[in-house]
Amino acid sequence: MANPIDISGVLTRLAAAPGFPDHPAATVDQWMRAGVKEEAIEPILRFMERHPDLDFGMPGHLVHFLEGLADEANSPGSRPRCCAGRRRTRRG
């Protein structure tokens, strides 16, 4: 069953808010409490691709969330899927 949270919409609103780097921490915590899992991978990667100039942190809460999903799944296909965005879009 897919989670009803609109991941793309939430990220778009966060990007428009002042102080973006601070907001994903609370958002990721909410997603974790709500049980958001693999359905967030694609929207997060697409968001990061569309906003290459945003400061996501080093590596930031969104990346830690994706890494946690890959580690939690503990399957051979998980980590490559999380990294797929790097292959699709080159930065600089």
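The values are calculated or read from the model by the stated rules, or taken from the named source; none is laboratory data. None of the values given here were measured: they were computed from a predicted structure. Please note: Cβ atoms are built from the backbone with ideal geometry, for glycine as well, and neighbour counts cover all protein chains shown.
Numbers below:
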{"quantity": "Any chance Ala26 is loosely packed, with under 12 Cβ neighbours inside 10 Å, aliphatic (A, V, I, L, M) and within 14 Å of Gly60 (Cα to Cα)", "calculated": "yes"}
{"quantity": "Residue among Arg81, Arg50 that is within 13 Å of the chain's Cα centre (by Cα), modelled with pLDDT under 85 and not polar (S, T, N, Q)", "calculated": "Arg81"}
{"quantity": "Qualifying residue in segment 16-30 (condition: small (Gly, Ala, Ser) and within 19 Å of Ala70 (Cα to Cα))", "calculated": "yes"}
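Table: residues versus (1) touching a residue at least 40 places away in the same chain (Cβ under 8 Å); (2) outside any helix (DSSP H, G or I); (3) at positive phi.
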{"site": "Arg13", "(1), (2), (3)": "no, no, no"}
{"site": "Pro18", "(1), (2), (3)": "no, yes, no"}
{"site": "Ala26", "(1), (2), (3)": "no, no, no"}
{"site": "Leu45", "(1), (2), (3)": "yes, no, no"}
{"site": "Met48", "(1), (2), (3)": "no, no, no"}
{"site": "Gly57", "(1), (2), (3)": "no, yes, yes"}
{"site": "Val63", "(1), (2), (3)": "no, no, no"}
{"site": "Glu67", "(1), (2), (3)": "no, no, no"}
